[in-house]
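One structure is given below, encoded as structure tokens.
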Amino acid sequence: MYYLSLSDYLKRIYGQKVYKISLQSGCSCPNRDGTISRGGCSFCSEGGSGDFAAPLLPVKEQIEIGIKRVEAKLPKVTEHKFIAYFQSYTNTYGDTAKLISLFDEALRDPRVIILSIGTRPDCISDEMISELKKLQDRYDKKVWIELGLQSVHDETAKRINRGYPLSVFDDTYKRLKASGLSVIVHVIIGFPWEDEKDILETIQYLSALTPVLDGIKLQLLHILKGTRLGEEYEREPFHVLTLEEYCSILVKCLKLLPSETVVHRITGDGPKKILIAPLWSGDKKRVLNTINQAIKLASDT
């Protein structure tokens, strides 16, 4: 069974391993500040899915901190290249000119070869798309837009307090792709009210998008302290996926994806200090080994 991993894709395009540094723009989220709702999506921690990001400093300083952190673990035999990932909250939710200035600062660093921006599809104006395309052209560096869709199902959108319908995603996807920007979609596997059929329907929907989806992040549902879902679980525990169940569903998801779609993530790891369940997800080495074994087994059969 073949799928195109992010690591393989980057080596193919850039000829070397590329590392990611997580940055902060200082943006909030309309699902937290009262514009749409308060409290955020039901699964989202106070870190806004950026629990491993650098502290909020000038972008240049954040990049230096992030690169030093990565390079401390690496041999100093090659010139390392990086993805500048604005991760926390909604990084196109704010003044366009100010945000473009931050993104420009990241792309000016010669060690940064890709800009990746996490956001919501209901927070990307035509002006923002146009300015991001100008940055991509000016620096001749890829700009990725990461959209937190999680699921195509209306019930899930309501239960996680996502705050926008699927039609908004569809419209934004078309606008982004028409501009020449790359789109990566986040999907969560393991919502207790979704069964395998529901999950695979989300993947089938994304696999049928035109133009073809550039990338996908497949993420296990983590139940975290301080989230609405965490509070629900602590009041009345519900079923969370076992490692074996997750691997089985993941393999089926990978089989459905177009060969051109880059798989950026196959699990993810929640901060151990606030992880409630599933606890097996805290052992990243074991999780990845088990996933890789399941993929190999699927390839051999």
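Count of the stretch 259-282 residues, restricted to those that are over 20 Å from residue 45 (Cα atoms) and surrounded by fewer than 14 Cβ atoms within 10 Å (Cβ to Cβ), is 2.
In the stretch 2-31, how many residues are touching a Lys or Arg at 6+ places or on another chain (Cβ under 8 Å) and of a type outside the set (Phe, Trp, Tyr)? Residues that pass the stated criteria total 11.
Per the listing 104, 122, 171, the residue uniquely within 15 Å of residue 59 (Cβ to Cβ), part of a helix (DSSP H, G or I) and touching a residue at least 12 places away in the same chain (Cβ under 8 Å) is 104. Scanning the stretch 212-254 for residues that are hydroxyl-bearing (Ser, Thr, Tyr) and not in a helix (DSSP H, G or I), we see that the one that is nearest to residue 200 (Cα to Cα) is 242.
Cβ-Cβ distances below 6 Å connect the following pairs, each with a first residue in the stretch 3-14 that is within 16 Å of residue 254 (Cα to Cα), a second residue that is part of a helix (DSSP H, G or I), and a separation of six or more residues or different chains: 3/254.
Hey, could you check the stretch 195-227 for residues that are among the charged types (D, E, K, R) and either in contact with a Ser or Thr (Cβ under 6 Å, 6 or more places away or on another chain) or over 15 Å from residue 152 (Cα atoms) (or both) and say which is modelled with the highest pLDDT? Once the filter is applied, the top-ranked residue is 214.
Out of 25, 37, which single residue is in contact (Cβ under 8 Å) with a residue 12 or more places away in the chain, closer than 24 Å to residue 221 by Cβ and either in a loop (DSSP other than H, G, I, E, B) or not basic (Lys, Arg) (or both)? From the options 25, 37, the qualifying one is 37.
Any residue that is within 23 Å of residue 1 (Cα to Cα), at pLDDT 95 or above and surrounded by fewer than 14 Cβ atoms within 10 Å (Cβ to Cβ) - is there at least one of those in the stretch 228-250? Yes - at least one qualifying residue is present in the stretch 228-250. Taking each residue of the stretch 228-248 that is in contact (Cβ under 8 Å) with a residue 12 or more places away in the chain and looking for partners that are assigned to a loop (DSSP other than H, G, I, E, B) and of a type in the set (Ser, Thr, Tyr) with beta-carbon atoms closer than 7 Å, six or more apart or interchain, yields 228/42; 229/42. Taking the criterion of being in a helix (DSSP H, G or I), over 26 Å from residue 231 (Cβ atoms) and in contact (Cβ under 8 Å) with a residue 24 or more places away in the chain, the residues of the stretch 255-285 that qualify are 255, 256. So, of the residues in the stretch 160-193 that are under 20 Å from residue 239 (Cβ atoms) and touching a Leu at 6+ places or on another chain (Cβ under 9 Å), which turns out to be modelled with the lowest pLDDT? The extreme case among them is 160. Whether any residue in the stretch 149-158 is surrounded by fewer than 19 Cβ atoms within 10 Å (Cβ to Cβ), small (Gly, Ala, Ser) and not in a loop (DSSP other than H, G, I, E, B) is what I want to check. No, because not a single residue in the stretch 149-158 is surrounded by fewer than 19 Cβ atoms within 10 Å (Cβ to Cβ), small (Gly, Ala, Ser) and not in a loop (DSSP other than H, G, I, E, B). I need the full set of residues from the stretch 168-183 which are aliphatic (A, V, I, L, M), within 15 Å of residue 210 (Cβ to Cβ) and under 18 Å from the mean Cα position of the chain (by Cα), in order please. 176, 183 - these are the residues of the stretch 168-183 that are aliphatic (A, V, I, L, M), within 15 Å of residue 210 (Cβ to Cβ) and under 18 Å from the mean Cα position of the chain (by Cα).
Being of a type in the set (Val, Ile, Thr), exposed (fewer than 15 other Cβ atoms within 10 Å of the Cβ) and more than 30 Å from residue 192 (Cα to Cα) is true of residue 78. Would you call residue 188 part of a strand (DSSP E or B) and either hydrophobic (A, V, I, L, M, F, W, C) or touching a residue at least 60 places away in the same chain (Cβ under 8 Å) (or both)? Taking the combined requirement at face value, the residue satisfies it. Regarding residue 78, is this residue more than 20 Å from the chain's Cα centre (by Cα) and in contact (Cβ under 8 Å) with a residue 60 or more places away in the chain? So residue 78 passes the test.
Each residue in the stretch 235-258 was checked for being farther than 20 Å from residue 269 by Cα and of a type in the set (Asp, Glu), and 1 pass. For the stretch 125-148, a residue qualifies if it is within 25 Å of residue 166 (Cβ to Cβ) and outside any helix (DSSP H, G or I), and the qualifying residues are 125, 143, 144, 145, 146, 147, 148.
The values are calculated or read from the model by the stated rules, or taken from the named source; none is laboratory data. If you're wondering where the values come from, they're calculated on a predicted model, not measured in any experiment. Here the Cβ is made from the backbone with ideal geometry for all residues, glycine too, and neighbour counts use every protein chain on show.
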